[in-house]
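Undergrad: Once you've had a glance at the structure underneath, I'll fire off some questions.
The values are calculated or read from the model by the stated rules, or taken from the named source; none is laboratory data. Being a predicted model, the structure only gives us computed values, none of them experimental. Cβ atoms come from the backbone with ideal geometry, glycine included; neighbour counts cover every protein chain shown.
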């Protein structure tokens, strides 16, 4: 193996990459645009619940309930309907997320010590959001009940009750951005490294220059290294820039060690570069390679826990996700960003990523060399 | 427009497709596979929240509390630990979502009618998951307390106090709160958009790259005929994809339509045509397969996934992105699918979305047509 030959190949690759104007948007603009768009758009927070009400009793008690809802920052009463058909119609047209119906005997029942039924309809079409909405609504109702009991019976009910002190760790305000933005960095690295390596080799194949490379004294392993080193350098640089940008732009907390992330990225790149190499052996044109890359990325992306929690998947699929390198990288990058944990906690992920990476990479290299011979 | 010409172009395109096994595979099998796989596996629902408990009180009552917790389908107690430090390790490793610590003296407090604190630690990294888990545990403790209140009142011999208001929460449109009911239709919309535009983005660029565009230009074929002929094979493939996916969704995942099937076919027809004309337009503009492919992925995949109200609600986005969602075709198709699948709506409610899609189709195909004409077709 000659480092000189590898160096020259790396240099050629860099020149080729930056000379082609078409590559510039892919390398420079796309990562930032994606980071910004993802960072602003990915959010499953339940923030602004639009509520429609029908108040047929129009009394102090019914107004108190509406005030209790409005006082909670999550809810905002946007529609006051006159009868329930009107209310159901706005729910149907997606103008409100929650509908509240109070009957004409609402206050009478409360004052006579009876329970007054309140009918609450919620739009369940996004079921995860609906679950949260239901939880928040029942919380408001429970608080309302407690204060009403105190008001009506004028006595304290000191019974032995559980006082749950729920503390949310790592992301106390349940801010979607803290969860998604570190993940985006991982996804960006994956897309870029997969795409660039497979393209780099296919391009030579397509233009026929691979034959020229083969007749040079370059040995297969040198060719592979020369093709891969530039992309390791580029993705690592990009990762540093993107993470720094994310930290400042989105004021993201980085609780752990930055260099641990870079080390994790190296192991992660083993798998993605290996996959890129593999794709280049099964494709003959750039277009085929692009398509194949895309259909590799999609399952990697969906089955990684980036958006859809792995714990909610069927068990068989949960087992399959162990083959997904992005899964481990996401745990590491989120662990370092949000939890501030180090190698002592994350070593299983590091180890799995390394084993997976070595297997993918060596088998891709083997296959690639066979193609060259 | 001469149907014979259109047929000839369509046949040529069809041969291209069939001859190249790989693109047939990409066009037909992969999308179906993705829809099935994602429809089967992706879910945002939360059940069996992994929980570790640290019972420092070790009494009958605390054990009973833990038993009740485990019996509920919302929680799955994976470990009983001895001290809260090891619970923290579990949280750090991400091997549990929740840790519940019952402090010593808990039972004594409860029996003496004092409030007894219970520590719940929640891994908040995934806000969606954590928020729902927090809702579950709050509701669980609330109902546990209600039972205790009733027994307290009975002990005092007081008449039973009724809760002043009785909130009867009902869920509409997706009664059993199953996230597949909105994820499966959404996935169909996204995959069809990607596949439709990605495949067609290549077909005209290919003619330019191979130099066969000159040949086609010299033929007595008009621009409209050319575009239509190019689109037809892909249209059929995408339509079959949709129909199979809808059928599978119904049979395998129990995602059932509440409204008319024919309305769905109509909506899919329009939506597929929008995707295809977008792809063809990209192809004409870029004239290079590689660039066209990249552009198609960039302007269809991410926007359809992110800006279409699929799983990320538009209401949470900054204003500028909210405006952007209005120009994404998938937004309207997902709205229509939501209406058909979950709300049981008909054309009387959905006509606006239909109209916008038709408008997009007209605009996109006209731009493509006039650009081809400028090229001399």
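Undergrad: Tell me which residues, restricted to the stretch B:258-279, are part of a loop (DSSP other than H, G, I, E, B) and either under 30 Å from residue B:290 (Cα atoms) or within 20 Å of the chain's Cα centre (by Cα) (or both).
TA: In the first step, residues of the stretch B:258-279 are kept if they are part of a loop (DSSP other than H, G, I, E, B); the result is B:258-260.
Within the stretch B:258-279, B:258, B:259 meet the criteria.
Undergrad: In this structure, is residue A:304 outside any helix (DSSP H, G or I), modelled with pLDDT of 90 or more and more than 10 Å from chain B (Cβ to nearest Cβ)?
TA: Working: outside any helix (DSSP H, G or I): yes; modelled with pLDDT of 90 or more: yes; more than 10 Å from chain B (Cβ to nearest Cβ): yes.
Yes.
Undergrad: Which numbered condition in (1) over 30 Å from residue B:163 (Cβ atoms); (2) within 12 Å of chain B (Cβ to nearest Cβ); (3) in contact with a helix residue (DSSP H, G or I) (Cβ under 6 Å, 6 or more places away or on another chain) is the only one that residue A:49 fails?
TA: (1)
Undergrad: How many of the residues in the stretch A:299-311 are crowded, with 21+ Cβ neighbours inside 10 Å and over 13 Å from the mean Cα position of the chain (by Cα)?
TA: Summing the residues that are crowded, with 21+ Cβ neighbours inside 10 Å and over 13 Å from the mean Cα position of the chain (by Cα) in the stretch A:299-311 gives 0.
Undergrad: Which is surrounded by 20 or more Cβ atoms within 10 Å (Cβ to Cβ), within 14 Å of chain B (Cβ to nearest Cβ) and touching a strand residue (DSSP E or B) at 6+ places or on another chain (Cβ under 8 Å), of A:38, A:75? Quick ask: steps written out before the conclusion?
TA: Details: A:38 fails: touching a strand residue (DSSP E or B) at 6+ places or on another chain (Cβ under 8 Å).
Only one candidate qualifies: A:75.
Undergrad: Being surrounded by fewer than 21 Cβ atoms within 10 Å (Cβ to Cβ), within 11 Å of chain A (Cβ to nearest Cβ), touching a residue at least 60 places away in the same chain (Cβ under 8 Å) and farther than 22 Å from residue B:200 by Cβ is true for just one of B:339, B:344, B:315. Which residue is that?
TA: Working: B:339 fails: surrounded by fewer than 21 Cβ atoms within 10 Å (Cβ to Cβ); B:315 fails: touching a residue at least 60 places away in the same chain (Cβ under 8 Å).
Residue meeting the stated conditions: B:344.
Undergrad: Okay, next question. Given the residues B:86, B:43, B:73, B:62, which is the only one that is in a helix (DSSP H, G or I) and closer than 24 Å to residue B:127 by Cα?
TA: Within the list B:86, B:43, B:73, B:62, the selection yields B:86.
Undergrad: Okay, next question. Would you please name the residue that is nearest to the other protein chains (Cβ to nearest Cβ), looking only at residues in the stretch A:92-117 that are without any contact (Cβ under 8 Å) to a residue 12 or more places away in the chain and surrounded by 17 or more Cβ atoms within 10 Å (Cβ to Cβ)?
TA: A:92
Undergrad: Determine which single condition residue A:129 fails, assuming it passes every other condition in (1) in contact with a helix residue (DSSP H, G or I) (Cβ under 8 Å, 6 or more places away or on another chain); (2) within 30 Å of residue A:249 (Cα to Cα); (3) modelled with pLDDT of 85 or more; (4) not assigned by TED's automatic domain parsing to the domain that holds residue A:179.
TA: (1)
Undergrad: Still on this structure: Would you mind stating whether residue B:8 is more than 14 Å from chain A (Cβ to nearest Cβ) and without any contact (Cβ under 8 Å) to a residue 24 or more places away in the chain? Before the answer, list the steps.
TA: Working: more than 14 Å from chain A (Cβ to nearest Cβ): yes; without any contact (Cβ under 8 Å) to a residue 24 or more places away in the chain: no.
So residue B:8 does not fit the description; no.
Undergrad: Within the stretch B:162-175, restricting attention to residues that are outside any strand (DSSP E or B) and modelled with pLDDT under 80, which residue is farthest from residue A:127 (Cα to Cα)? Reasoning before the result, please.
TA: Taking the stretch B:162-175 first, the residues outside any strand (DSSP E or B) are B:162-164, B:173-175.
Checking the rest, the ones that are also modelled with pLDDT under 80 come to B:162-164.
On the way: B:162: 31, B:163: 28, B:164: 29 Å.
So the residue we want is B:162.
Undergrad: Checking the condition under 30 Å from residue A:295 (Cα atoms) and free of Cβ contacts under 8 Å to residues at least 24 places away in the same chain, which residue from B:63, B:19, B:134, B:67 passes? Before you say what the answer is, go through the steps one by one.
TA: Working: B:63 fails: under 30 Å from residue A:295 (Cα atoms); B:134 fails: under 30 Å from residue A:295 (Cα atoms); B:67 fails: under 30 Å from residue A:295 (Cα atoms).
Criteria check complete, one pass: B:19.
Undergrad: Report, by residue number, each residue of the stretch A:118-140 that is more than 29 Å from the chain's Cα centre (by Cα), closer than 28 Å to residue B:43 by Cβ and within 7 Å of chain B (Cβ to nearest Cβ). Break it down into steps so the answer makes sense when it comes.
TA: Initial filter on the stretch A:118-140 (more than 29 Å from the chain's Cα centre (by Cα)): A:118-121, A:140.
After this cut, where a residue has to be closer than 28 Å to residue B:43 by Cβ as well, the list is A:120-121, A:140.
A:120, A:121 - these are the residues of the stretch A:118-140 that are more than 29 Å from the chain's Cα centre (by Cα), closer than 28 Å to residue B:43 by Cβ and within 7 Å of chain B (Cβ to nearest Cβ).
Undergrad: Determine whether residue B:320 is in a helix (DSSP H, G or I), facing chain A (nearest Cβ under 10 Å) and without any contact (Cβ under 8 Å) to a residue 24 or more places away in the chain.
TA: Details: in a helix (DSSP H, G or I): yes; facing chain A (nearest Cβ under 10 Å): yes; without any contact (Cβ under 8 Å) to a residue 24 or more places away in the chain: yes.
Against the criterion (in a helix (DSSP H, G or I), facing chain A (nearest Cβ under 10 Å) and without any contact (Cβ under 8 Å) to a residue 24 or more places away in the chain), residue B:320 qualifies.
Undergrad: Before we move on, is residue B:159 at pLDDT below 85 and at the interface with chain A (Cβ under 7 Å from one of its Cβ atoms)? Quick ask: steps written out before the conclusion?
TA: Values: at pLDDT below 85: yes; at the interface with chain A (Cβ under 7 Å from one of its Cβ atoms): no.
When the stated conditions are applied, residue B:159 does not pass them.
Undergrad: I'd like to check which helices (runs of 4 or more DSSP H) are fully inside the stretch A:143-258 and have at least 2 residues that are crowded, with 22+ Cβ neighbours inside 10 Å. First the steps, then the outcome.
TA: On the way: elements: A:176-207, A:209-215, A:220-249.
Fully inside the stretch A:143-258 and qualifying: A:176-207, A:220-249.
Undergrad: Sticking with this structure for a sec: Pick from B:216, B:191: which is within 29 Å of residue B:33 (Cα to Cα), touching a helix residue (DSSP H, G or I) at 6+ places or on another chain (Cβ under 7 Å) and assigned by TED's automatic domain parsing to the domain that holds residue B:334?
TA: Numbers: B:216 fails: within 29 Å of residue B:33 (Cα to Cα).
Step by step, each of B:216, B:191 is checked, and only B:191 is within 29 Å of residue B:33 (Cα to Cα), touching a helix residue (DSSP H, G or I) at 6+ places or on another chain (Cβ under 7 Å) and assigned by TED's automatic domain parsing to the domain that holds residue B:334.
Residue by residue, here is whether (1) more than 12 Å from chain A (Cβ to nearest Cβ); (2) outside any strand (DSSP E or B) holds:
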{"residue": "B:58", "(1), (2)": "yes, yes"}
{"residue": "B:77", "(1), (2)": "yes, no"}
{"residue": "B:114", "(1), (2)": "no, yes"}
{"residue": "B:122", "(1), (2)": "no, no"}
{"residue": "B:131", "(1), (2)": "no, yes"}
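Undergrad: If you don't mind, another one. Can you name the residue in the stretch A:324-358 that is touching a residue at least 24 places away in the same chain (Cβ under 8 Å) and away from chain B (no Cβ under 14 Å) and is also nearest to the chain's Cα centre (by Cα) among such residues?
TA: A:326
Undergrad: Hey, among the residues in the stretch A:276-298 that are more than 7 Å from every other protein chain (Cβ to nearest Cβ), within 15 Å of residue B:33 (Cα to Cα) and surrounded by fewer than 21 Cβ atoms within 10 Å (Cβ to Cβ), which one's nearest to the chain's Cα centre (by Cα)? Step through it out loud before you land on a result.
TA: In the first step, residues of the stretch A:276-298 are kept if they are more than 7 Å from every other protein chain (Cβ to nearest Cβ); the result is A:276-285, A:289, A:292-293, A:296-297.
This time we only want the ones that are within 15 Å of residue B:33 (Cα to Cα), so: A:292, A:296-297.
Next, only the ones that are surrounded by fewer than 21 Cβ atoms within 10 Å (Cβ to Cβ) stay: A:296-297.
Details: A:296: 17, A:297: 14 Å.
Of everything passing the filter in the stretch A:276-298, A:297 is nearest to the chain's Cα centre (by Cα).
Undergrad: A further question on this structure: Among B:173, B:182, which is surrounded by 24 or more Cβ atoms within 10 Å (Cβ to Cβ) and not assigned by TED's automatic domain parsing to the domain that holds residue B:341? I'd like the intermediate steps shown before the answer.
TA: Details: B:182 fails: not assigned by TED's automatic domain parsing to the domain that holds residue B:341.
When all the criteria are applied, what remains is B:173.
Undergrad: Scan the stretch B:95-112 for residues that are assigned to a loop (DSSP other than H, G, I, E, B) and either touching a strand residue (DSSP E or B) at 6+ places or on another chain (Cβ under 7 Å) or farther than 27 Å from residue A:336 by Cβ (or both) and jot them down. Walk me through it before giving the result.
TA: So in the stretch B:95-112, the residues assigned to a loop (DSSP other than H, G, I, E, B) come out as B:95-97, B:103-105, B:112.
B:96, B:97, B:103, B:104, B:105, B:112 - these are the residues of the stretch B:95-112 that are assigned to a loop (DSSP other than H, G, I, E, B) and either touching a strand residue (DSSP E or B) at 6+ places or on another chain (Cβ under 7 Å) or farther than 27 Å from residue A:336 by Cβ (or both).
Undergrad: A follow-up question, please. Say we look at the stretch B:79-93 and pick out the residues that are under 27 Å from residue A:135 (Cα atoms), surrounded by 17 or more Cβ atoms within 10 Å (Cβ to Cβ) and in contact with a strand residue (DSSP E or B) (Cβ under 7 Å, 6 or more places away or on another chain); which of these is nearest to the other protein chains (Cβ to nearest Cβ)?
TA: Per the criteria, the residue is B:91.
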